[in-house]
Every structure is written in structure tokens, then in C-alpha cells.
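In what follows, a single structure is set out as C-alpha cells and then discussed.
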Amino acid sequence: MTMADATRKDALRYLFEKVVGPLGYKFTPDEELADFLLEQEVKLEQDHGAPFCPCQGRSGVRAEDMQIVCPCIPFHREHFDKMKRCWCGLFVHTDVTDPDSLPQLPPDEA
Amino acid sequence: MADEVVLYTLSTCPWCRKTKQWFADNQVPFELVEVDQLHGDEQDAAAEKAYQLSGGRRYPVVAINGEVVSGYNPGRYLELLKKSGG
């Protein structure tokens, strides 16, 4: 990871924190996971133009793909609220202290 | 008869990594389709297949003997493997 990548990662972290707080979410307390996911997002932004969710695939349809740009919580609120975290796990509900205990529920079970 | 397990994953996704690890740890052989590591038509076809199977674009997508699990869900994997006597 270059210096520029590290700076971008810090910028995303700063920006995301401002956005997810009012939504009732925070960064996962699993620092290693947060770090890895942010690194992937920096890479995805460089390769594909936006920090897309590292655990969701792009369809090629812009309107759909914009709904998986991190933080994508507002577009999947109902589902994520049931899991108490977003799909990739970068963000969890503010009351979560043990993210490992949270299941990754498919949409039809949420 | 051996279980037919196919994992559709993204290299950027930690849950996909955990899924691969789970099947490896449990010594369940699987076919791996790392969608974002494919190119061109091959990538499009794999992404489309995962979409058809799961009805969404969230990864990992796990197909066990034709039944599909969306996400990292060891309990469900085990259930489907046991169902087939695996």
C-alpha cells in the first residue's frame, strides 16, 4: 500500500464516520477487519471509480451500482438493521460490541 | 457420493475468505469461482451465474448439491451437507 493509498484510506474513514453516525452505525470494533475492508475499497475506487462494497458485485447498471457504494446502508437499511451490521461488516449498530456474534443473513431471511 | 460444492467469491471480501477457510477446515472439497479474478466474458458469465443462483449480487454465494446459500453461514452449510449424508 502506497502513501497515497494510506492517505485515501484515512480520508474514507473520516468521511464514512460522519455519514454512518447519524444512521445509528459505527465502524466495526474489529480493527483488522475495518483496515482490510478500507484497503479493498481504496483499490476498488482506483480500479472502478468508486469505493464499492468489497462483498457485493457490480451489475454494470449505474443506478444499481451506485447503491453499493460505501456506505451503502441507506439503500439496504431494513436488511442491515436486522443483521445489525452492513453486508461486508465494515459498520455495525452503535450498540454492538461483539461483531463476531452477528450472522450474515441472506435478504430473504432478514 | 461426494458433495458437489461450488463457491462463488470475490477476492476483496473477507467473508468469502472465511467461507473458503471453513470448507477447507472441514475437508469438504469445493470448486472455487473467484469472480473478480476472471476476465471479460468469463467474468460476466460467472457473475451472472452467481446472480441467477442467489437472486442478488452479494457474496459469497455457496451452492451445495444444487441448493444455494447466500452469505457466510456455516450452520446452513452443515445442514445441507448432512442432508446429503456428507
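What follows draws every value from the coordinates through simple rules; no lab data is involved. Note that the coordinates shown come from a computational prediction; the quantities given were computed from them, not determined experimentally. FYI the Cβ positions are ideal-geometry reconstructions off the backbone, even for glycines, and counts take in every protein chain you see.
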Item checked: Relative contact order for the stretch B:1-43, counting Cα pairs under 8 Å that sit 6 or more residues apart, in percent -> 49 percent
Notebook entry, point to check: Ordered by residue, what ³J(HN,Hα) values in Hz, to whole numbers, does the stretch A:14-22 give under the Karplus form 6.51 cos²θ - 1.76 cosθ + 1.60, where θ = phi - 60° and Gly and Pro are x?
Noted result: 4, 5, 5, 4, 5, 7, 7, x, x
Next item on the list: Could you sort out which of A:43/B:82; B:18/B:83; A:26/B:49; B:18/B:82; A:26/B:82 sit more than 30 Å apart by Cα distance in this structure?
Entry: A:43/B:82; A:26/B:49; A:26/B:82
Check: Fewest first, what order do B:61, B:5, A:96 take by the number of other Cβ atoms within 10 Å?
Finding: A:96, B:5, B:61
Check: Given Cα pairs under 8 Å that are at least 6 residues apart, what percent is the relative contact order of the stretch B:1-85?
Finding: 35 percent
Note to self: List the Cys residues of chain A that have no partner Cys with a C-beta closer than 4.7 Å.
What the structure shows: A:53, A:70, A:72, A:86
Notebook entry, point to check: What is the P(r) of the stretch B:5-83, as percent of Cα-Cα pairs per 5 Å bin from 0?
Noted result: 3, 17, 30, 27, 15, 6, 2, 0
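Size of the dipole of chain B about the Cα centre, Lys and Arg at +1 and Asp and Glu at -1 on the beta carbon, nothing else charged, in debye to 20? It would help to have the intermediate numbers written out before the result.
On the way: 9 positive and 12 negative charges, 94 e Å.
Magnitude of the dipole: close to 460 debye.
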Note to self: Using Cα-Cα distances under 8 Å and only pairs 6 or more residues apart, what relative contact order does the stretch A:1-94 have, in percent?
What the structure shows: 31 percent
Notebook entry, point to check: Separation of the stretch A:94-110 and the stretch A:40-76 by C-alpha centroid, Å?
Noted result: 20 Å
